[in-house]
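First the structure, in the form of structure tokens, and then the observations on it.
The values are calculated or read from the model by the stated rules, or taken from the named source; none is laboratory data. The shown structure was predicted, so the numbers you read here are calculated from the model rather than taken from an experiment. Cβ coordinates were reconstructed from backbone atoms using ideal geometry, including for glycine residues, and neighbour counts include every protein chain displayed. Surface areas here come from the heavy atoms of the whole protein model, side chains and all, with no ligands, DNA or RNA. Shrake-Rupley method; radii C 1.70, N 1.55, O 1.52, S 1.80 Å.
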Amino acid sequence: MKKRAIVTGYSSGIGKAICESLEKSDFEIIRLKSRLEDIKALEAELKEILKDKDISVLINCAGVGVFKPHEEISLSKIKELIDVNLTAPIILANLCLRSLKKTKGHIINIASIEATRHSKFSALYTATKSGLRDFSLALFEELRRSDVKVTNINPDLTKTNFFDTLNFQPSENKEAHILPEDIAKTVLDILAFDGVITDITIRPQRLEILKK
């Protein structure tokens, strides 16, 4: 059976690197056209896809970040972060689970190092990513008897366009950031592992952040 994967955030950064690695491993990548904030469109598109295709892997990679005092964040930005970082992965898992149970498939959620700690000016982002992490871990317990695997990945500073709209970025020092390709390789290793890696944190050796 052809292995198919749905990957969100496929157009750049970690998501793009994951897609490229999966395609080299003979996966068919299904790239959703609906905006993740549009639940009705997302549901309609998924139901149409799953009418005649089953998927083996769901990778929730799309993410939005904001790091500033909470009272300075607009209500529309709060809603966007919750919709993209947390609500969409939960909804996609819900819609894909029957198919994933058929294929004994795998859900991989890309959370963040912030899901494991409590940083200044990160309350909103941390809430969405720690929610995603806890959702992953609890969902695995629910799905063990169905042979569906669930993995949560917590990347630390990764050199991508995620930082384009932020006031800081990783240092150019290669020991102070990880690359999207590093995460993509980890995804392939997780998929190939005979057991289940439920939670993994990937960090560079050094912590060096540049202010813009």
Positive dipole terminus of the chain, leading residue within L22, S122, T103 (C-beta point charges) | T103
Which of these, P69, P170, P155, has the largest mean-square fluctuation under a Gaussian network model of the chain (Cα springs below 10 Å)?
-> P69
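Considering only DSSP beta bridges with both partners in the chain, what is the antiparallel share in %, to the nearest 5?
For the chain, the DSSP antiparallel bridge percentage is about 15.
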Could you state the number of Å between the C-alpha centres of region 18-54 and region 76-145?
-> 17 Å
Out of T87, T165, T198, a Gaussian network model of the chain with alpha-carbon springs under 10 Å gives the largest mean-square fluctuation to T165
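Enter the accessible area per residue of the chain (Å², integer; probe 1.4 Å; all protein chains in place).
Numbers: 11200 Å² over 212 residues.
Ligands and nucleic acids excluded, the figure is 53 Å² per residue.
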With only helices counted (DSSP H, runs n ≥ 4, each -39500 (n - 2.57)), the per-residue ellipticity at 222 nm for the chain, to the nearest 500, works out to -12000 deg cm²/dmol
Ignoring ligands and nucleic acids, H106 exposes an accessible area, probe 1.4 Å, in Å² to the nearest 10, of 10 Å²
Using the Cα centre as the reference, give the magnitude of the dipole from point charges on the C-beta atoms of the chain (Lys, Arg: +1; Asp, Glu: -1; all else neutral), rounded to the nearest 20 debye.
-> 240 debye
Dimensionless Rg/Rh of the chain - Kirkwood Rh, Rg from C-alpha atoms = 0.95
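Obtain the radius of gyration and the Kirkwood radius of region 1-124 from its C-alpha atoms and give Rg over Rh.
Computed over Cα atoms, the ratio is 1.01.
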Cross-link reach from K211 to lysines, straight Cα distance under 25 Å and at least 8 residues apart if same chain, gives K68, K77, K120, K129, K159, K174
Once you charge only the Cβ atoms, +1 for Lys and Arg and -1 for Asp and Glu, what is the size of the charge dipole of region 63-130 about its Cα centre, to the nearest 20 debye?
-> 440 debye
GNM flexibility winner over the chain from G195, G65, G131 (Cα, springs under 10 Å) | G195
For R4, what accessible area in Å² do you get when you roll a 1.4 Å probe over the heavy atoms of the protein chains, rounding to the nearest 10?
-> 40 Å²
For the chain, with all protein chains present and a 1.4 Å probe, just round the carbon and sulfur fraction of the accessible area to a whole percent.
-> 50 percent
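I need the per residue convex hull volume for region 140-212, using only the alpha carbons, in cubic angstrom as a whole number. Spell out each step's value before the answer.
Values: hull volume 7.9 nm³, N = 73.
Output value, Cα hull per residue: 108 Å³.
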To the nearest 10 square angstrom, how much accessible area does D194 have with a 1.4 angstrom probe?
-> 150 Å²
